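Worksheet: the structure to be examined is printed underneath.
The values are calculated or read from the model by the stated rules, or taken from the named source; none is laboratory data. Worth saying up front: this structure is predicted, and the values here are computed from it rather than measured. Quick note on the areas: whole protein, heavy atoms, side chains included, nothing else; ligands and nucleic acids left out. Shrake-Rupley method; radii C 1.70, N 1.55, O 1.52, S 1.80 Å.
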Amino acid sequence: MNSQVSLDALPYVDKQIDEPGVRSMVDKLIASEMKRMPKPRDPSSLGFPDIDLFSSNTLIQQELDRVRRGKPMDPALDLSRYQLDPPTSSSTSTSTATSNTTAVANGSTETITPSASEELPEGRAQWLKALDNANAQLEHQNQRVLNLELVQKFGGNAWNIHNYQLEYDVSLLRKAVDEKKAEIMELNKLRKRDQMDVAESLQRLEAKWAEMISSTLQVEVASASLQAELAQLKAYEIQLSKELGVALPVQDSQ
């Protein structure tokens, strides 16, 4: 592709566009040319293939379909692991009652109170599960406190550094924009200067061209006048020769 572009327009010299009716004529020519240009294709007619995201993942497909239909999650999120509840009294009572029944069946006279149910295997398992949940919640809270302390200590500085980086990026972009604007302004100045430098030569050549055209027209008018006068003289010559009865000399066709 040839990068050299030849332009014959001199916007700083040519002022014909400001003449009455010229601008409207140019607009009509542009509109007529644009009508002959091919219209852009409709994006819907380009025939892009439909992209099915996550087609290989059934779980994601089901979740996307649920969100698309606006249905709630089923089952909903289980938030029980975030609750710090001890074993229910019903479970401990059940464990105690079971142990009492076993003791009576064995003929034992030992009485186990509900307060000691955590020492039984069933109650102990439930208490250990509750203890694990409490430890997990405690560790989660410790992590939250640690994160808050880290944010309080380093968050402000990190945010300031991020802002400084953004400001530096903005300054670089503004500098690049200013440089491009300066280049465009300098290019326009050079173009205007070059056109104004040749404007005098163009006007002089245009005046010389008009003078030569005028001279040519004057020569053509004079030639046409001489031809008409010559034709009249020839006609007068023929008329005289007829009146005098004198034969005209034969002229060489060359």
For Tyr12 and Ser24 in one chain, what is 0.36 nm times their gap in residues minus the Cα-Cα distance, to one decimal in nm?
2.3 nm
Ratio of the Cα radius of gyration of region 111-236 to 2.2 N^0.38 Å, where N counts its residues:
3.62
Solvent-accessible ranking of Lys39, Lys180, Lys242, largest area first, probe 1.4 Å:
Lys39, Lys242, Lys180
Not counting ligands, DNA or RNA, and with a 1.4 Å probe, what is Glu19's accessible surface area in Å² rounded to the nearest 10?
100
So how much slack lies between Arg81 and Lys35, counting 0.36 nm per residue of separation and subtracting their Cα-Cα distance, in nm?
9.6 nm
Rounded to the nearest 10 Å², the accessible area of Lys175 at probe 1.4 Å
120
